[in-house]
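The values are calculated or read from the model by the stated rules, or taken from the named source; none is laboratory data. Worth saying up front: this structure is predicted, and the values here are computed from it rather than measured. Positions of Cβ are generated from backbone atoms using ideal geometry, with glycine treated the same way; all protein chains shown enter the neighbour counts. Note: areas computed on protein heavy atoms with side chains; ligands, DNA, RNA excluded. Shrake-Rupley method; radii C 1.70, N 1.55, O 1.52, S 1.80 Å.
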Amino acid sequence: MFVKHCLPLACIGLLALNIAAQEEPAEPQIPPRLLIDTQDAAIWNGGSLDTTVVREGIPATIRWEHAKAPALRATTFPTDWTGPHNAIEFWLHSNKENRASFMFIVASENPKTDGMDYYQMKITLNFSGWRKFTIPMKNMGIAREPLGWNQINAVYFTAEGWGNTPKPETVVNVGPFSLVYISPTHGPRVKDKEFFNCLNLDYPGMEAVKEAVANNDLKAAKAAFVKHLKTREKPLWYFDWRKFNDPSSRIPNYNLTNADKYAANLLVSCGIWHQFGDKVEWDINPTELKYNEWTWQLSRHPFWTELGRAYWATGNEKYAKAFVSQLRSWIIDNPVPFDAGNVAYSRWRTIETGIRTFSSWPNSFFYFLASPSFDDDSIILMLKSFYEHAIHLRTFPQSNNWLCMEMNGLYHIGTLFPEFKEAAEWREYASNRLYTEMNIQVYPDGAQVELAPGYHGVSLVNFLGTYKLANLNNQPLPNDYVSRLEKMYGMYLNVSSPSGQAPPLNDSGWAGTKGPCREAAELFPNRTDFLYWGTDGKQGTVPSFTSNFMPYAGWFTMRTGWDPEALWLHMEAGPFGAGHQHEDKLTFVIQAYGTRLLTEGGTYAYDSSQWRRYVLSARAHNIVRVDGLDQCRWKDNRFNLTDKPLDNRWITNDQYDFAEGIYNEGYGRELQLKVSHSRAILFIKPNYWLLFDVMSPEDTAEHEYTSWFHFNTDQTLKLDAFNGYISADENTANLLIAPLNPNGLDAQNLCGQEKPEVQGWIPAGGYTCRPIATPTFVRKAKGVHAEPYLLYPVQKGEELPVNQIKSLGDNNFEILFKDGSKHVVQFTLGKQYLDSLKWSSFDQNGKLTSSIVIE
């Protein structure tokens, strides 16, 4: 069962349509079993009978308008769904492609468990018109412990919950539900006759293929098509496969260590190696924690590119034979699924499908095209799978950075194999989706909506990947396709630390900024600031700004300059993000004098370990806990995005920077504790920062506030005179964290703690973490309360210049320096924010030298 050649996409459904010609023996025919009809509105709640939106075999549907009902529920259905059938099948009609999402739920309640027990699948309206859904029952997600398919007690769609919110413009028409039988099969599902029917036999150079097909000589057609692939001059790839036998392709002393491992079926995924036997089992998971990413990422096949490089470097056929063996086993043992495949152990998640089709698959195809080991049958097998990849990507586009990878992969297939009838449509669809996504995914300030610099880079690389291949092959793109990317490159310049790294926001580590700026300088030669940063100041001109605020992302960056020793602070105060989120609003990091001084959890492998849970949590960030409860924005997707710039206070000039943000979304898993936290940071250039945390509960009760600060070292000293801490790495600069109001404030250092909860760690590469000193301050208070801190970086070998901090009462403080000068800090509180702030500087003689007033 598969797509009959080149059908309109609305008819492709889940690649489960019947085809006419099969080379294999016919499977036993098991007729469908009707479960729920749609000709009787009385057996449905939340919808109405519709005899206008119909199709052949479906004389009536149930119209579900999300503006009127958030759920559509069947009231009459069989309770026992067992038997010879193994899949659920139904048709849906969407009035528009608006990416509304809802859940398909089949409940089987278990009285022995708490909460709901059910089978589930998420449906996204990434299509308009009709689409057929054929869902293998074994592929349905499972929540808790459903009793089984023989005890079904509810069937419904819901657009509420599970992270979904009804979109009022959404109208879905539902056709009848049936149980069907899907025959087990090997890949590829496309058989020979269907494959040649999917080719444009009138494409230039395909005359011999057309003649062989007309004569029903499929063996000759295969040979002719492979000959065509090897004699065509276009399209182009990034290297010319014909140069395989050129002596310049050989590389003496090429490091074959990894290639030899790969050739012996010793493969690596997510940094974890596994020795397979004579055949690779692509669906296994040998990791201790059953880390899903291992199985998923194994099917990105990066090792095939390395096998190709080794083959070119040596000419040794063992690398080609290994590639062909692994390729054939993967295609045969892993038929394309009938759904998106975005489940555990899948080899066809849409992200992997996209990644391999713009990287390892075209690379290996061209690396081995000259090899006698890559025979005609294997080449045709790979082309069939390329076709199935294209249909899979075209049918199941997702969102955010995944969509960019999917569309980049689809564009590559459409460009590299224009012989497919649908190739032009694939190119057009993919490039148009990417072009549109530049506005959907990218805020006007240049930040990608996931608000994670690493995934910002993923989207950018894939936007650019399509441009590069189009440019190589003279394929048209919208005139302003590249110019739309300028602001995305600008993000790297906006947030970069003095050492050339973007902060580790959400699921990002410390991402490099200079490489993207070098690339941007080539694309935008008028941006000499990109060139400056990308070449370490050797070329170009210094950026015209230092500090800046990105008002959609909510990112504040404070700098003294662009030299490696500059002082730099980054605070995030924006939306939760469209994906890969951490509970980290108002966190900040610091670098000064060439040293990262204040850090945060960053990211860790996407497993189920305590370290993964830690980096996602508020505890891994420099923020405040209230009454033992943390930020928990993932419970409500209203916090994910913004459609307008934030109105946070932001002031920047030569004397100081001032930034302010607020977290008022609630604390606890149900966001039940209503306390707002506003954070203001004043940068007294060029020396230090003042931090003001204002806590505002809705009630009059006493609350406990816990503030964490994560040093980038495990070395720290408690300074009792300040009731504060200073990092104590003798080989680097260090940072003082001192409360301005130490009385009644409990201060302790948590370093390398695992019980009762993980604290005082950061990822250290691979699957390891290292302990770090984490000064932790705890205070109990009632009403609106402010906690001010001094953050003072000290150069390597420099004595701490601060001598004493005095509280003069009424939020009035003096910072006394060892040279006899002093700074005075005064502030008043509003309901949630600082109402006013005044800072004054006095010399050794008590003369006022400068002042700042913020109201």
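Model label sites at L147 and T113, defined 7 Å from Cα along the beta-carbon direction, differ in position by 1.3 nm.
The stretch between R250 and L848 holds 208.0 nm of extra length on full extension. This uses 0.36 nm per residue minus the Cα-Cα distance.
Of the chymotrypsin sites (Phe, Trp or Tyr not before Pro) found in the range 215-303, those in coil by DSSP whose Cβ has at most 10 other Cβ atoms within 10 Å are Y238. Here the accessible area is traced with a 1.4 Å probe on the protein chains. For the chain, carbon and sulfur cover 49 percent of it.
Grouping the Cα pair distances of the range 507-627 into 5 Å bins from zero gives a pair-distance distribution of 2, 10, 15, 19, 19, 15, 11, 6, 2, 1, 0 percent in increasing distance order. Report the residues of the range 669-683 in range of a label on R649: point 7 Å along Cα→C-beta, backbone N strictly under 13 Å from it. Answer for the range 669-683: 678-683.
Each label point was placed 7 Å from the Cα along the Cα-to-Cβ direction; for V482 and L523 their separation is 0.9 nm.
Maximal additional length on extending the E207-L289 stretch stands at 24.1 nm, based on 0.36 nm per residue less the C-alpha distance.
Within the chain, the longest run free of exposed loop sites, counting trypsin sites (Lys or Arg not before Pro) that sit outside DSSP helix and strand states (H, G, I, E, B) and have at most 12 other Cβ atoms within 10 Å, spans 280-537.
A quarter of the convex hull surface defined by the alpha-carbon atoms of the range 36-110 gives 6.6 nm² as the mean projection. FRET efficiency for the S836 to E698 pair, using the beta carbon distance and R₀ = 25 Å, is estimated at 0.60.
For the range 200-259, the convex hull drawn through the C-alpha positions has a volume of 132 cubic angstrom per residue.
In loop segments of the range 274-335 as defined by DSSP, the GluC sites (Glu not before Pro) with at most 11 further C-beta atoms inside 10 Å of their C-beta are E288.
For the range 46-175, the Stokes-Einstein estimate of translational diffusion at 25 °C and a viscosity of 0.890 mPa s comes to 159 µm²/s, using the Kirkwood hydrodynamic radius over alpha-carbon pairs. Given their separation in residues at 0.36 nm each and the Cα-Cα distance between them, E757 and N731 gain 6.3 nm when the chain is fully extended.
Shown here: the range 516-581, whose C-alpha atoms stretch 37, 27, 18 Å along the first, second and third principal axes, sorted largest to smallest. Over what distance in Å are the Cα centres of the range 479-551 and the range 804-855 separated? One Cα centre to the other: 36 Å. Hydrodynamic estimate: the Kirkwood radius of the range 388-491 over Cα pairs, inserted into Stokes-Einstein at 10 °C and 1.306 mPa s, corresponds to D of 117 µm²/s. Checking every one of the GluC sites (Glu not before Pro) in the range 166-254 against DSSP loop status and a limit of 10 other Cβ atoms within 10 Å picks out E233. Hey, how many Å between the Cα centroid of the range 349-408 and the Cα centroid of the range 108-187? Spelled out, the Cα-based centre of one part sits 29 Å from the other. Whole-Hz Karplus values for the range 653-663 come out as 7, 5, 8, 7, 10, 9, 10, 8, x, 9, 10 Hz, taken residue by residue from phi with 6.51 cos²θ - 1.76 cosθ + 1.60 and θ = phi - 60°; glycine and proline positions read x. Each 10 Å bin, from zero up to the one with the longest distance, holds this percent of the alpha carbon pairs of the range 163-220: 15, 26, 17, 20, 17, 5. Put a plus charge on the Cβ of each Lys and Arg, a minus charge on the Cβ of each Asp and Glu, and nothing anywhere else: the dipole of the chain about its Cα centre is then about 1080 debye.
With one equal scatterer per alpha carbon and no solvent term, the Debye-computed log10 I(q)/I(0) for the range 328-374 at 0.17, 0.18, 0.26, 0.30 1/Å reads -0.60, -0.65, -1.02, -1.13.
Whole-Hz Karplus values for the range 622-633 come out as 8, 9, 10, 9, 10, 6, x, 10, 10, 4, 8, 6 Hz, taken residue by residue from phi with 6.51 cos²θ - 1.76 cosθ + 1.60 and θ = phi - 60°; glycine and proline positions read x.
If the Kirkwood radius is taken over C-alpha pairs of the range 552-700, then at 10 °C and 1.306 mPa s the Stokes-Einstein diffusion coefficient equals 97 µm²/s. Taking one quarter of the surface of the convex hull spanned by the alpha-carbon atoms of the chain gives a direction-averaged projected area of 40.0 nm². Looking at the square roots a ≥ b ≥ c of the eigenvalues of the Cα gyration tensor of the range 215-325, which shape do they give, rounded for a/c under 1.5, prolate if a/b is larger than b/c, or oblate? Oblate shape, in that a/c is at least 1.5 and b/c is the bigger or equal ratio. Calculated FRET efficiency, T436 to N474, Cβ-Cβ distance, R0 = 30 Å: about 0.85 to the nearest 0.05. A Förster distance of 22 Å, applied to the separation of the beta-carbon atoms of N45 and A67, puts the FRET efficiency at 0.85.
With θ taken as phi - 60° and the Karplus curve 6.51 cos²θ - 1.76 cosθ + 1.60 applied, the whole-hertz 3J(HN,Hα) list for the range 87-95 is 8, 9, 10, 7, 10, 10, 10, 9, 6 Hz, x standing for glycine and proline.
The equivalent ellipsoid of the range 295-426 has semi-axes of 24, 16, 13 Å, largest first, where each one is the square root of 5 times an eigenvalue of the Cα gyration tensor. Both radii come from the Cα set of the range 362-427: Rg as radius of gyration, Rh as Kirkwood radius; their ratio Rg/Rh reads 1.02.
Quote the relative contact order of the chain in percent (integer), defining contacts as alpha-carbon pairs under 8 Å separated by 6+ residues. RCO, the chain: 7 percent. Projecting label points 7 angstrom from Cα along Cα→Cβ for S128 and D377 puts them 4.7 nm apart.
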